[in-house]
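Notes to accompany the following structure.
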Amino acid sequence: MEFGIGFDTHVDKWDLARYGEELGYDRCWVPDSQMIWSDCYAVLALAAANTRRNKLGIGVAIAGTRIAPVTAHSIASINQIAPGRTFLGIGTGHTAMRVMGQNPMPLAEFRECLRVVRELLAGEAVAYTYRVAGTAKTTTVGAIREFAESHGYTVHGFGITSGSFKSAPRGWHRCTYLGQPARQPPTLP
């Protein structure tokens with residue numbers, strides 16, 4: 001069994017990852033909650049440069065706020081700093097999207113996002129369709145080689161029957177948060 005520490009993603013709190021490692025924790029994760037906290041990948045980069053053993057990752061990257069190739073590239077960049085010590089949790093963005101007045105990513109789009117991220121992190125080039133000014137365009141995105149080390153993927157969902165789980169590719173872990181999500185987005189100060 002592994003134990004992890006998670007903390008709110010403030011760039012000045014990166015040293016909690018180092019402290020967690022000193023205390024014997026195996027993992028450290030930070031959430032991707034833009035508009036509320038600092039950028040999760042900036043915090044992980046600082047943590048990666050200042051730890052040696054614990055695994056570092058996002059819990060949870062929001063599929064609707066970064067296009068799939070950017071998500072893959074971002075965690076691959078952290079893996080360059082901490083080879084073989086990275087992991088990635090991905091979700092549809094229930095809270096993070098609502099904070100910005102948006103709906104979570106629809107499951108069909110989420111499934112496609114997972115496919116693109118997984119293939120890129122496996123070192124494969126992938127056909128990727130994106131929208132520009134309301135028009136769908138398809139291009140081939142080159143392989144990301146920086147993530148060849150051991151890693152893990154997790155699909156996150158809210159509630160035991162979350163539709164996100166049906167989107168999880170074979171071999172991905174599933175994590176749920178029990179309880180009801182907030183009906184209204186949090187109010188920003």
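Computed values, structure above
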read-out	value
Restricting segment 17-35 to residues that are touching a residue at least 24 places away in the same chain (Cβ under 8 Å) and assigned to a helix (DSSP H, G or I), the residue that is nearest to the chain's Cα centre (by Cα)	Ala17
Residue match in segment 39-55 (condition: in contact with a helix residue (DSSP H, G or I) (Cβ under 6 Å, 6 or more places away or on another chain), assigned to a strand (DSSP E or B) and either in contact (Cβ under 8 Å) with a residue 40 or more places away in the chain or aliphatic (A, V, I, L, M) (or both))	no
Enumeration of residues in segment 90-121 that are part of a loop (DSSP other than H, G, I, E, B), free of Cβ contacts under 8 Å to residues at least 40 places away in the same chain and either within 14 Å of His73 (Cβ to Cβ) or polar (S, T, N, Q) (or both)	Gln102, Asn103
Single condition Thr129 does not satisfy, out of (1) surrounded by fewer than 21 Cβ atoms within 10 Å (Cβ to Cβ); (2) in a helix (DSSP H, G or I); (3) not hydrophobic (A, V, I, L, M, F, W, C)	(2)
Residue list for segment 61-89, restricted to those being part of a loop (DSSP other than H, G, I, E, B), surrounded by fewer than 18 Cβ atoms within 10 Å (Cβ to Cβ) and small (Gly, Ala, Ser)	Gly84
Those residues of segment 6-16 which are surrounded by 14 or more Cβ atoms within 10 Å (Cβ to Cβ) and within 16 Å of the chain's Cα centre (by Cα), in sequence order	Gly6, Phe7, Thr9
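To keep it simple, each residue is scored yes or no on (1) modelled with pLDDT under 80; (2) of a type in the set (D, E, K, R); (3) farther than 16 Å from Gln80 by Cβ.
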site: Cys113; (1), (2), (3): no, no, yes
site: Ala122; (1), (2), (3): no, no, yes
site: Val132; (1), (2), (3): yes, no, yes
site: Thr139; (1), (2), (3): yes, no, yes
site: Ile144; (1), (2), (3): yes, no, no
site: Phe147; (1), (2), (3): yes, no, no
site: His151; (1), (2), (3): yes, no, no
site: Thr154; (1), (2), (3): yes, no, yes
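The values are calculated or read from the model by the stated rules, or taken from the named source; none is laboratory data. Since the structure is predicted, the reported quantities are computational estimates derived from the model, not experimental observations. Note that each Cβ is placed from the backbone with ideal geometry, even for glycine, and that neighbours are counted across all protein chains shown.
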